[in-house]
Amino acid sequence: MHDLVLEGRVLRDAFPIEAYIFIDGGRISKISRQAPVSGEYGELHRLGRSLLLPGIIDTHAHFRDPGMTSKEDFASGSVSAAFGGVTTVIDMPNTRPPTIDRDSLQAKDKTASAVSVIDYGLNLVITNGSDLLAVDTLLKGIGNVPAPAGLKAFLGETTGSLVLEPISSLARWTSVLENTGAVVAIHAEDGSLFEPVKDPDKVKDILKKHHGSRPPSSEASAIVKAVNALGRNAGSAHFLHVSSEMGLEAAKTSSATVEVTPHHLLLDVKLSGLDPEHQALGKVNPPLRTPADRAALWRGIADGSVDTIGSDHAPHLLEEKDRGYLSPSGIPGIETMAPLLLSEVSKRRLDIDRFMELCCSSPADRYSIAGRGRLEDGYLADIMVVDLRKGRKIRGDDLHSKCGWTPYEGKVGIFPEKVYSRGELLIEGENLCGKPGRGRNIRM
Ligand code: NCD
Ligand code: ZN
Ligand code: ZN
């Protein structure tokens with residue numbers, strides 16, 4: 001007797017075949033072309049010709065909880081994620097207070113476990129003042145606090161002001177990384193190469209100025225310095241939101257891995273799709289780049305030099321983004337990431353197998369998240385149901401983040417029709433079926 005059977009199409013060698021996914025105790029027990037016989041299951045959901053894909057694992061989101069919960073909180077952020085097909089998220093530590101030690105990690109876990117509708121991990125920030133031994137202990141999951149998903153280092157100034165400097169001081173962390181096998185997620189921008197902007201309140205061409213003031217050379221420099229500092233442990237580094245051709249080239253020559261974001265793939269200083277009056281909506285760190293940089297990132301996706309895609313969901317309120325060049329940096333995007341990428345899949349710009357690697361299996365492998373990111377026997381039944389023929393226009397008003405806006409207004413996204421998390425129906429069309437607090441820490 002199986003709990004649930006899903007009838008739909010699954011991909012085998014990028015080819016859709018009709019199949020049945022049998023689910024027991026929240027896990028996939030088998031995937032078969034053979035229909036179940038009646039009486040063999042509790043429930044059967046017929047999903048027609050829709051595709052059954054693994055749930056998205058977004059390893060880069062800023063849920064703003066605690067401290068900036070008017071922008072987002074763990075409840076709203078996780079709901080927004082779920083509507084975008086995300087079944088596992090890793091939250092970033094630049095909250096107030098930051099996730100920096102045992103107490104702040106435990107407190108954030110308490111909030112998340114009480115309100116999150118999806119499973120989650122929490123990154124711990126490392127800064128100049130960090131206690132290495134304490135971090136090492138937390139990573140080993142000693143005591144009753146779930147271990148952090150990974151470490152996070154901000155090498156350049158961005159929201160939260162938690163810079164680790166000089167970049168060479170990353171070298172202090174090599175033995176912790178070696179002992180624990182932890183990933184260090186790195187915001188790579190070298191502040192010593194930033195060009196300060198004069199009279200920021202008077203800047204008109206916000207995107208170009210921001211790109212010039214935090215140039216690709218600052219990204220590449222930070223990557224090179226970080227790789228040098230980590231030495232033979234460079235493979236522990238996961239360079240986040242790599243935005244430029246120079247940055248990608250710098251990372252390629254190392255054993256480190258690379259994340260890119262939907263906004264650096266889809267928006268640039270020229271074709272930002274933004275109303276010229278509202279360019280600040282596209283202000284982000286690292287900045288939107290040139291069309292040539294964007295093309296280089298797409299080449300990196302095709303040739304394998306990009307390892308994962310993360311949303312860098314960084315919500316700020318519209319009134320905060322109304323301050324021209326003085327607006328804070330960050331773009332919301334957890335709910336639109338998979339829909340926009342699936343749109344690219346439907347346009348044959350992105351291979352569907354590559355999409356699943358970048359958004360599901362590679363994030364799971366990179367962060368050692370066991371039993372997720374693939375539709376295979378024994379894996380958790382985290383599944384999104386999509387029909388690649390059914391796109392709809394993205395509207396900020398339809399999204400579930402507290403911030404209420406998107407830089408992709410009017411672009412077409414292919415949203416999941418249904419989302420399952422551990423075999424439970426989480427999203428059905430417009431409806432949230434999962435209860436707040438059902439989400440679990442992936443390190444539990
Ligand atoms: C992020 C934020 O607002 O938290 N902002 C951003 O521009 N990407 C921080 C970050 O990832 O750098
Ligand atoms: Zn960052
Ligand atoms: Zn970020």
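Here, each number is a calculation from the coordinates, and none is a lab measurement. Here the structure is a predicted model, which is why all the values come from computation and not from measurement. Cβ sites come from the backbone with ideal geometry, for glycine too, and all protein chains shown count toward neighbours.
Would you kindly derive the ³J(HN,Hα) couplings of segment 344-352 from the backbone phi angles with the Karplus curve 6.51 cos²θ - 1.76 cosθ + 1.60 (θ = phi - 60°), listing them in order in whole Hz, with x for Gly and Pro?
Residue by residue, segment 344-352 yields 5, 4, 5, 8, 6, 8, 9, 6, 5 Hz.
Toward the positive end of the charge dipole of segment 55-366, about the Cα centre and with charges on Cβ (Lys, Arg +1; Asp, Glu -1), which of I186, A222, V125 goes farthest?
My answer, from the dipole projection, is A222.
Could you tell me the distance between the Cα centroids of segment 338-406 and segment 236-269, to the nearest Å?
Taking the Cα centre of each part, segment 338-406 and segment 236-269 sit 19 Å apart.
Return the sequence-ordered ³J(HN,Hα) values of segment 155-161 in whole Hz as given by the Karplus equation 6.51 cos²θ - 1.76 cosθ + 1.60 applied to θ = phi - 60°, using x for Gly and Pro.
So the Karplus estimates, Gly and Pro as x, are 8, x, 5, 7, 3, x, 6 Hz.
Please list 3J(HN,Hα) in residue order for segment 392-398, calculated via the Karplus relation 6.51 cos²θ - 1.76 cosθ + 1.60 where θ = phi - 60°; whole Hz, with x for glycine and proline.
9, 5, 6, 10, x, 5, 7
What are the GluC sites (Glu not before Pro) within segment 341-444 that DSSP puts in a loop, where the Cβ has at most 14 other Cβ atoms within 10 Å?
E376, E430
Using Cα pairs under 8 angstrom and six or more residues apart, how large is the relative contact order of segment 55-366, in percent?
RCO, segment 55-366: 18 percent.
Would you pull out the residues with amide H under 5 Å of H2's amide H, same chain only if 5 or more places away, H placed 1.01 Å from N?
Long-range HN contacts for H2: Y41, G42.
Using modelled backbone amide H atoms (1.01 Å from N, in-plane), which distant-in-sequence or interchain residues come within less than 5 Å of V86's amide H?
I56
Give me E72, E245 sorted ascending by neighbouring Cβ count inside 10 Å, so fewest comes first.
Numbers: E72 26, E245 21.
Least to most surrounded, the residues fall as E245, E72.
I need the calculated FRET efficiency for the pair Q34 and A14, taking r as the beta carbon distance and R₀ as 30 Å, to the nearest 0.05.
0.85
Tell me the volume per residue, in Å³, of the convex hull enclosing the alpha carbons of the chain.
That works out to 127 Å³ per residue.
Report the Cα-based extents of segment 1-109 along its three principal axes, largest first, to the nearest Å.
Sorted largest first, the three principal extents are 54, 29, 23 Å.
Given a Förster distance of 51 Å, report the FRET efficiency between K204 and R172 from their Cβ-Cβ distance, rounded to the nearest 0.05.
Numbers: r = 43 Å, r/R0 = 0.84.
For R0 = 51 Å, the calculated efficiency reads 0.75.
What fraction of the Cα pairs in segment 232-337, stated in percent, has a spacing above 19 angstrom?
Values: 2457 of 5565 pairs.
Taking all Cα-Cα pairs of segment 232-337, the fraction more than 19 Å apart is 44 percent.
Amide H to amide H under 5 Å from I331: which residues, 5+ apart in sequence or cross-chain, H placed 1.01 Å off N in plane?
A314
Taking the Cα centre of the chain as the origin, how large is its charge dipole in debye, to the nearest 20, when only Lys and Arg (+1) and Asp and Glu (-1) carry charge on their Cβ atoms?
360 debye
Among all the lysines, which ones have a C-alpha under 24 Å from K270's C-alpha, if same-chain residues fewer than 8 places away are not counted?
The reachable lysines, counting only those whose Cα sits under 24 Å from K270, are K198, K202, K204, K208, K209, K283, K321, K347, K393, K411.
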